[in-house]
Amino acid sequence: MGHKKKNRNVGIVGIGETKFSSHREDVNQPEMVHEAVRQAIDDAGIGLEDIDCVIHGNMELFEMIHQPDLWHTLGTGAYGKDAFRLTTGGTTGATLCCAADNLVASGMYDTVLAIGFEKLQEGHTTGGITNMADPLWARKLQSGALTDQAAVKLIFEFGEERAKRAAMTYRIIMDKHACLNPNSHRAFGLDWDQMDDLMKNSPPLIGNLRLIHMCSQSDGACAIIFASEEKAKQISSKPVWVRDHITVHREETLDLCNNYYPNQTTHRFAARELYKRNGIDDPLSYFDVFEMYDPSAWWGVDWLREFFLLEGDAHLKLVENREIMITGKMPVNPSGGVIAANPIGATAMVRVAEAAKQIRGDAGPHQIPRPVNHALASGFGGTMWTVLTILEKELNW
């Protein structure tokens, strides 16, 4: 992937997403996964016999079922095919997309079906998180996404009133987007006149982080079909091209020993490297949409600065001026984002899927009302792990 060189170009030719919900009691795991697979196959207009390889991923410790991909063969169509399973925490869905792209670009396979899922009602996410890491060295990891870190940072830098209003503005915007997306889990119909009440009365979780700011636990699945350039052009009249992607992570215990990149997040490091090798000087102007993995409204506001390499309060102004709305200068999460639905093993894949839908122009009620040619999608999880993917409408880079 370095220096923008690929052995073969790779296109997205099929996308499937289930309805996301707190409880999908109407289906078991293979049935739920099959919903997304069937949608992707139908969307591509091909059959399972045309799939060369299946990649499957989730956080198996959350449902507490070992190697679920073996059981899910009933729903994935992987029987008799080459198959892989991957797990990288919250980034699982994005890692699946990177792996699928690499497998096709390498020439190993012509078509790869990537599947991410989670059925969190059948397990215990908090139990999995709090028992997966050493209680001394990795105590920060054990809290998962439940942290006040971004809020403290923003309040210290910009003052309590401005920071809290920016976070709630971001949250209301995400809800307005979620209300347009029929697959959303959480779509409350929030409006601007509720801001003061939400800031004051939403149940607190930790510090300044309130329940309304935070993502949920969701059930659901996502499937994407990746194909080589030759196959993609045969299969689809509007393939979405995977231009490049980057993965950056840093174990938090490095900070205790030798921090090689002081005051630099993995988001900013990944963004800078990705843009540099693709000749993108002004990402805020270049991209038409950004599907961000935003576990909370506080992180959403803070991370805008990191992903777009902004300085000062430029990221707050984007939010305050509502430029991140679906009709704004830089639409962020027209789908509603992670705050609207969080089936963890699929969550980061949904970001790629939704970005690709926007480029194809078939996102439905939450389609951006202007042409989308360049899209950015992110994944986040685990040990400060960042995945960034660039999608393009045309093969012209």
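At a glance:
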{"quantity": "Any hit, the stretch 160-173, residues being charged (D, E, K, R) and under 12 Å from residue 340 (Cβ atoms)", "calculated": "yes"}
{"quantity": "Residues of the stretch 284-301 satisfying the condition of being within 17 Å of residue 172 (Cβ to Cβ) and part of a helix (DSSP H, G or I)", "calculated": "297, 298, 299, 300, 301"}
{"quantity": "Failed condition for residue 286, given (1) at pLDDT 95 or above; (2) surrounded by 22 or more Cβ atoms within 10 Å (Cβ to Cβ)", "calculated": "(2)"}
{"quantity": "Selection within the stretch 352-369 - of a type in the set (Asp, Glu) and within 19 Å of residue 325 (Cβ to Cβ)", "calculated": "354"}
{"quantity": "Answer residue from the stretch 329-368, given it is charged (D, E, K, R) and buried (at least 24 other Cβ atoms within 10 Å of the Cβ) and is nearest to residue 393 (Cα to Cα) among those", "calculated": "357"}
{"quantity": "Some residue of the stretch 107-125 being modelled with pLDDT under 95 and in a loop (DSSP other than H, G, I, E, B)", "calculated": "yes"}
{"quantity": "Yes/no for residue 37 being over 18 Å from the mean Cα position of the chain (by Cα), closer than 19 Å to residue 343 by Cβ and without any contact (Cβ under 8 Å) to a residue 40 or more places away in the chain", "calculated": "no"}
{"quantity": "Residue list for the stretch 334-375, filter: at positive phi, assigned to a loop (DSSP other than H, G, I, E, B) and over 17 Å from the mean Cα position of the chain (by Cα)", "calculated": "361"}
{"quantity": "Total residues in the stretch 228-243, condition assigned to a strand (DSSP E or B) and touching a helix residue (DSSP H, G or I) at 6+ places or on another chain (Cβ under 6 Å)", "calculated": "3"}
{"quantity": "Candidate set from the stretch 185-197 (those that are touching a helix residue (DSSP H, G or I) at 6+ places or on another chain (Cβ under 8 Å) and in a helix (DSSP H, G or I)); member that is surrounded by the fewest Cβ atoms within 10 Å (Cβ to Cβ)", "calculated": "192"}
{"quantity": "Residues satisfying the stated conditions in the stretch 198-221, i.e. buried (at least 17 other Cβ atoms within 10 Å of the Cβ) and either under 11 Å from residue 344 (Cα atoms) or basic (Lys, Arg) (or both)", "calculated": "210, 215, 216, 217, 218, 219, 220, 221"}
{"quantity": "Qualifying residue in the stretch 189-198 (condition: modelled with pLDDT of 95 or more and touching a Phe, Trp or Tyr at 6+ places or on another chain (Cβ under 7 Å))", "calculated": "no"}
{"quantity": "Tally of residues being of a type in the set (Asp, Glu) and in a loop (DSSP other than H, G, I, E, B) across the stretch 302-333", "calculated": "3"}
{"quantity": "Which listed residue is without any contact (Cβ under 8 Å) to a residue 12 or more places away in the chain and either within 25 Å of residue 219 (Cβ to Cβ) or surrounded by fewer than 20 Cβ atoms within 10 Å (Cβ to Cβ) (or both), from 63, 49, 122", "calculated": "49"}
{"quantity": "Which listed residue, of 235, 246, 225, 173, is modelled with pLDDT of 95 or more, crowded, with 18+ Cβ neighbours inside 10 Å and more than 18 Å from the chain's Cα centre (by Cα)", "calculated": "235"}
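The values are calculated or read from the model by the stated rules, or taken from the named source; none is laboratory data. Everything quoted here is computed from the prediction, not taken from an experiment. Ideal geometry is used to build each Cβ from the backbone, glycine not excepted, and the neighbour counts take in all protein chains shown.
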